[in-house]
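Reading through the structure tokens given below for one structure.
The values are calculated or read from the model by the stated rules, or taken from the named source; none is laboratory data. What you are looking at is a predicted structure, and each value in this text was computed from that prediction instead of being measured. Glycine also receives a Cβ, built like all others from the backbone with ideal geometry; neighbour counts cover every protein chain displayed. Remember, those area values only see protein heavy atoms, side chains included, never the ligands or the DNA or RNA. Shrake-Rupley method; radii C 1.70, N 1.55, O 1.52, S 1.80 Å.
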Amino acid sequence: VVHGRWSCRRAKGPPPMHNQRLPHHKLHAYDVAIRLLEAVRSARIRDCHLRDQAMRAAKSACLNAAEGAGRVSRPDKARAFAIARAEAGEAAAAVEIAIAVGDAEAGALEAVLVHADHFVAMMTRLIR
């Protein structure tokens, strides 16, 4: 017997994740934030404190974009997206600083800046 999408013969539990589309999966900016996170990681920041700060900021940009996508009211969405935008700027600045003092791969800067700029522009449009 089939009820909706689930069959009674199927194993218990929710359907596999690849079949689900959460709100942030529909937000193109979330994909850009993930690319920013990957670019920050690729910078291979050697200063452990600066690397931690850069990675936390990049992760926060992803998480706040996802949170904003899941919010219902415009003010709630705008708040989360504004935080995501600021975190992306912080992540990019941390990579720039690391490169300036010789603690990161200079070749990674272009990708970080491209993704950060794209993400900030997307968040700015979503905040308005």
The stretch 40-128, dipole about Cα centre (Lys/Arg Cβ +1, Asp/Glu Cβ -1), debye to the nearest 20: 480
Extended-chain gain in nm, criterion 0.36 nm per residue less alpha-carbon gap, Arg125 and Asp76: 16.2 nm
Val101 paired with Arg21, simple spin-label distance in nm, labels 7 Å along Cα-to-beta-carbon: 4.5
Solvent-accessible area of Asp52 with every protein chain in place, 1.4 Å probe, in Å² to the nearest 10: 80
